[in-house]
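First up is the structure itself, then whatever we jot down about it.
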Amino acid sequence: MKKRFIVYGLQFTVFCISFLFSLTGNWKLKTGNCFAQITFLNTGIDITVSSNCTTFVDGHVIDSLGKIHNSGNIFLTGDWSNFEPSGCLDPAAGTVILSGGNQFIKGNQTTTFNNLDCAGSGTKTLIINTIVGGNTGVLSLNGNPFDLNSNTLIVTNPSSSAITRSSGYIISETPPANGYGTIQWNLGNAAGNYEFPFGTFSAEYIPFHFNISSAGNAANGNISVATYPTAAGNNPNNRPLPTGVANLDDPQKGKDVSEKCADRFWLIDANNYSSNPTADMIFTYRDLEWDGSNGSTNNILEDSLRAWRWDGTKWLPPSGTDNPSANTVTITGINTFSPWTLYSREFPCPLYVPNAFSPNGDSENDSWKPISACLKKVHFEIYNRWGERVFETDDVKKSWDGTFHGETEGTAVFTYIMTYELYSGDAGSRKGNISLMH
């Protein structure tokens, strides 16, 4: 026969110094605080923590059988383990605060948290798929890493504020052989700007942005995203490939272009929609994933990085815009999803040398320099009609503003001498005339 243990009053305190705190019967905490030290073990009862109560567990919570009806706050410094087949928590109430150091969410049954607060310090790690968010609940990362560890985090609150952070981040990073670490966000028919707050094991923040311009059609639709880096020293480069991706061949070139691809993949899927949402997507990459460092065989012009999608049988033409200063590539108006990477396709990249300019302050052709999106190195000198050198630079960003010794030159013809190197590998020298006009 079950025991029934009901507690009323202002405060109830339980101390358990060196053994398990194990409960049988029906136990209710109405007001005040409950303290359990070392391990809190529920072996088959219903436990109720009402909304004006806080429970502190200096150790682990292990729910073997029975419910924890938490409408208040549960702080724990140890791990959360769930073995209750029908779910141990009410899915839309209460807050669980992981207030220790390195902590794990585990067991053999998925836990559905309403609010999950990553407080304390250290990494919070999933050992099992985990659900957070209820209808309005929030995953608060604060400043902590949250390691998916090849598991899936399901966010059920469709609001774009369902994940918050200060400096914390979610680690995906695992390749297909290990199993992807995935964020599944149940957006349904919602629209808005969603930030999937990914970070690396080395604490570099690499968020993925999914900015919905047209909502999808499905109350139970979701967007799932995983990302992982590839080993820079692999030969061929950019391996391992995502599951289902057969190659890194550019169909227009008819050959493998691994050395032109950034060392990272994104796995993006829209699920359960009758019509998918339309979104702008922003991919964030690291410099070492394109620049040939860290043993990589990459041969990439960063400005030409574009988003590249595998359609199930081949890679489609790349598109989008790279922002080198932000380490992002943006692509707009997307409603079809699958594996993506970033590809630096070699586009025609001519060198243009103007033959005239007019430094008159009208913001058009006010200075002179050689122009090319592929300009890697340059040295040029400019001489007046008497053979005086009026300007010289090795900086690809600098231009001549038409002044000499601080004074603007008059209308005249000048001579330039230039050597250059392009990222495409072309190099050479040029000489010619420049007309300065007012």
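The values are calculated or read from the model by the stated rules, or taken from the named source; none is laboratory data. All values reported here derive from a predicted model rather than from experimental measurement. FYI the Cβ positions are ideal-geometry reconstructions off the backbone, even for glycines, and counts take in every protein chain you see. Side chains included, ligands, DNA and RNA excluded: accessible areas come from the protein's heavy atoms. Shrake-Rupley method; radii C 1.70, N 1.55, O 1.52, S 1.80 Å.
Provide a single number: the residues in the range 359-403 that are open to solvent by less than 50 Å² (accessible area, probe 1.4 Å), within 44 Å of the chain's Cα centre (by Cα) and of a type in the set (A, V, I, L, M, F, W, C).
Final tally of qualifying residues: 7.
Kindly provide the set of residues from the range 102-146 that are within 14 Å of S81 (Cβ to Cβ) and hydrophobic (A, V, I, L, M, F, W, C), ordered by number.
Within the range 102-146, F104, I105, F113, L126, I127, I128 qualify.
Picking from N115, N129, N70, N135, which residue would you name as being of a type outside the set (G, A, S), buried (at least 19 other Cβ atoms within 10 Å of the Cβ) and closer than 28 Å to N271 by Cα?
Of the residues listed, the single one that is of a type outside the set (G, A, S), buried (at least 19 other Cβ atoms within 10 Å of the Cβ) and closer than 28 Å to N271 by Cα is N115.
Being open to solvent by 20 Å² or more (accessible area, probe 1.4 Å) and under 30 Å from G216 (Cβ atoms) is the requirement here; does T336 meet it?
In short, yes.
Which is within 17 Å of the chain's Cα centre (by Cα), open to solvent by 20 Å² or more (accessible area, probe 1.4 Å) and not charged (D, E, K, R), of A356, A326?
Numbers: A356 fails: within 17 Å of the chain's Cα centre (by Cα).
Testing whether each residue is within 17 Å of the chain's Cα centre (by Cα), open to solvent by 20 Å² or more (accessible area, probe 1.4 Å) and not charged (D, E, K, R) leaves just A326.
Within the range 240-266, restricting attention to residues that are open to solvent by 20 Å² or more (accessible area, probe 1.4 Å) and in a strand (DSSP E or B), which residue is farthest from F201 (Cα to Cα)?
This residue is K255.
Of the conditions (1) open to solvent by less than 10 Å² (accessible area, probe 1.4 Å); (2) hydrophobic (A, V, I, L, M, F, W, C); (3) at pLDDT below 80; (4) under 19 Å from I128 (Cα atoms), L65 clears all except one; give me its number.
(1)
Check whether at least one residue in the range 305-328 is in contact with a Lys or Arg (Cβ under 6 Å, 6 or more places away or on another chain), of a type in the set (A, V, I, L, M) and either within 23 Å of K255 (Cβ to Cβ) or at pLDDT 90 or above (or both), and report yes or no.
yes
Within the range 268-284, is even one residue farther than 26 Å from A162 by Cβ, open to solvent by 10 Å² or more (accessible area, probe 1.4 Å), in a loop (DSSP other than H, G, I, E, B) and not aromatic (F, W, Y)?
Scanning the range 268-284 turns up no residue that is farther than 26 Å from A162 by Cβ, open to solvent by 10 Å² or more (accessible area, probe 1.4 Å), in a loop (DSSP other than H, G, I, E, B) and not aromatic (F, W, Y).
From the residues in the range 404-430 that are under 30 Å from N299 (Cβ atoms), of a type outside the set (S, T, N, Q) and surrounded by fewer than 14 Cβ atoms within 10 Å (Cβ to Cβ), which one is modelled with the highest pLDDT?
R430
Is it the case that L351 is at pLDDT below 90, surrounded by 13 or more Cβ atoms within 10 Å (Cβ to Cβ), closer than 15 Å to I417 by Cα and hydrophobic (A, V, I, L, M, F, W, C)?
Spelling it out, L351 is indeed at pLDDT below 90, surrounded by 13 or more Cβ atoms within 10 Å (Cβ to Cβ), closer than 15 Å to I417 by Cα and hydrophobic (A, V, I, L, M, F, W, C).
Cβ-Cβ below 6 Å, separation at least six or inter-chain, first residue in the range 276-289 and of a type in the set (K, R), second at pLDDT 95 or above and open to solvent by 10 Å² or more (accessible area, probe 1.4 Å): which pairs?
These pairs meet every condition: R286/E204.
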